[in-house]
Amino acid sequence: MKKSGFEGKIMKKIVITRHKSLIDYLAEIGLIHANNYELYTHASPEVVTGKEVIGVLPHSLSCLCKTFTEVPLMLPAEKRGQELTLNDLRKFAGKPVTYTVSRLEAQ
C-alpha cells in the first residue's frame, strides 16, 4: 500500500489576529504551541479553507474553516477599541469555544 506522505503530520492551526497579547494568551492556555500555528493579520478564503482557525471571522469565512475557535471577550465599555494587554485578556477572556459553521443556500 502506497503511503501519502501525510502520516503523523499535524495540521497547523491558523491564528487570525493583529494582537501580540492574544498570541501570548493562546499559548498560555495551551491552545497553540511554538510550532503548531501560522499567524495571519487578515483572513481570506485561501488562508482559512479547510483549516482549524482561531480568531475573529465573519461567517462568510468561518463557514469555510474545518473548525473555528473564538475566545469570547467580556469587555467593559472603557476597554473597547483599545489594545489589550495579556493581563486584560486573563481578566476578560471567556473559555474558548469551537464551532463548525455550515453555509445554507437561501431558498
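Couple of notes before you dig in:
- Sparsely packed trypsin sites (Lys or Arg not before Pro) within the chain, loop by DSSP, other Cβ within 10 Å at most 14: 2, 3, 9, 12, 18, 66, 80, 103
- Using R0 = 22 Å, the C-beta based FRET efficiency linking residue 90 and residue 35 works out to 0.35.
- Local charge for residue 85 was computed over the other residues whose Cβ lies under 12 Å away, with Lys and Arg +1 and Asp and Glu -1, and equals +1.
- Lysine pairs within the chain, Cα separation less than 27 Å, 8 or more sequence positions apart or different chains: 28
- Quarter the surface of the alpha carbon convex hull of the stretch 8-107 and you get the mean projected area, 7.9 square nanometres.
- Loop-located GluC sites (Glu not before Pro) in the stretch 63-107 (DSSP state other than H, G, I, E, B) with a sparse environment of at most 16 neighbouring Cβ atoms within 10 Å: 83, 105.
Each value in this text was obtained by applying a stated rule to the coordinates, not by laboratory testing. Note that the structure is a prediction, hence the values are computed from the model and not measured. Virtual Cβ from ideal backbone geometry, glycine too; neighbours counted across all protein chains shown.
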